[in-house]
Every structure is written in C-alpha cells, then in structure tokens.
Amino acid sequence: MVRIQDIAAHRDVTICTFGHAGDGNLHPTIVTERGDQEAAARGLLAFDDILEVALALDGTVTGEHGVGNLKREALARELDDVAIGLHARIKSAWDPQGILNPGKSLPRW
C-alpha cells in the first residue's frame with residue numbers, strides 16, 4: 001500500500017486501493033480527470049509501476065479477474081516458460097482452431 005501511494009505521488013495521480021487486502025489481492029484504481037490526456041498518460045505509467053512492484057515482491061499481476069490487454073506484457077514477464085507452455089496447451093485444447101478471442105493471448109503465443 002505504501003509503495004502504491006509513493007507511485008501516486010511520483011506520477012501525480014490519485015490511486016484508490018480496495019480489495020482483499022488480507023490475502024494480498026489488491027485492486028488499485030487510478031483516477032484522473034476526464035479529458036486530461038497528460039494525467040491519463042501519467043496514469044498508464046503509474047499502472048506499469050504498480051505491476052513492476054508486484055513482480056519485484058514475487059507477487060502476481062493478476063487475480064481472480066484475469067488479465068486484460070494492459071497486463072499482457074507484465075504477465076509474460078511473470079510466468080516462466082513452463083507456465084507459458086501450459087497456458088498455450090490449455091488454450092489449444094479449448095480453442096484448437098484459434099477462433100476464440102483472436103489476438104488476445106500472451107505475447108509469446
């Protein structure tokens with residue numbers, strides 16, 4: 001939580017964190033003024049900073065809600081080759097023709 005607030009101060013954005021703090025599953029939410037493109041850019045940098053903190057602390061960039069496009073690269077850094085291979089095999093088993101959610105996968109797939 002302290003590191004998240006440090007990131008908020010460094011990037012000059014508001015970050016509200018909620019979630020399941022007892023089990024370490026945090027949901028930091030970056031809030032910027034609608035239409036403020038500079039703040040939005042700082043928010044994206046803050047998002048990346050938060051993911052880096054999670055990885056540096058041997059945490060995960062994902063939780064029960066899965067991984068969206070913004071987390072793809074960070075998840076690829078988190079997982080080792082064995083885990084990525086397992087994900088690829090599961091994806092292939094469920095979607096042998098590659099038609100489900102095309103283009104939405106880990107970068108190394």
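Tabulated values for the structure
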quantity: Residue in the stretch 32-40 that is part of a loop (DSSP other than H, G, I, E, B), farther than 16 Å from Ile15 by Cβ and either of a type in the set (Asp, Glu) or in the same structural domain as Asp12 (by TED's automatic domain parsing) (or both) present; calculated: yes
quantity: Qualifying residues in the stretch 27-44 (those that are surrounded by 14 or more Cβ atoms within 10 Å (Cβ to Cβ) and under 19 Å from Met1 (Cβ atoms)) - the one nearest to the chain's Cα centre (by Cα); calculated: Pro28
quantity: Yes/no for Ala74 being crowded, with 16+ Cβ neighbours inside 10 Å, in contact with an Asp or Glu (Cβ under 9 Å, 6 or more places away or on another chain), modelled with pLDDT under 95 and outside the structural domain of Lys104 (by TED's automatic domain parsing); calculated: yes
quantity: Yes/no for Ser92 being surrounded by 12 or more Cβ atoms within 10 Å (Cβ to Cβ), modelled with pLDDT under 85 and not aromatic (Phe, Trp, Tyr); calculated: no
quantity: Out of Ile7, Ile50, sole residue that is assigned to a helix (DSSP H, G or I), in contact with an Asp or Glu (Cβ under 6 Å, 6 or more places away or on another chain) and not charged (D, E, K, R); calculated: Ile7
quantity: Selection from the stretch 77-89 of residues that are under 25 Å from Asp6 (Cβ atoms) and surrounded by fewer than 16 Cβ atoms within 10 Å (Cβ to Cβ); calculated: Arg77
quantity: Considering residues of the stretch 53-88 that are small (Gly, Ala, Ser) and assigned to a loop (DSSP other than H, G, I, E, B) only, the residue nearest to Val13 (Cα to Cα); calculated: Gly68
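The values are calculated or read from the model by the stated rules, or taken from the named source; none is laboratory data. What you are looking at is a predicted structure, and each value in this text was computed from that prediction instead of being measured. Positions of Cβ are backbone-derived with ideal geometry, glycine not excepted, and every protein chain shown enters the neighbour counts.
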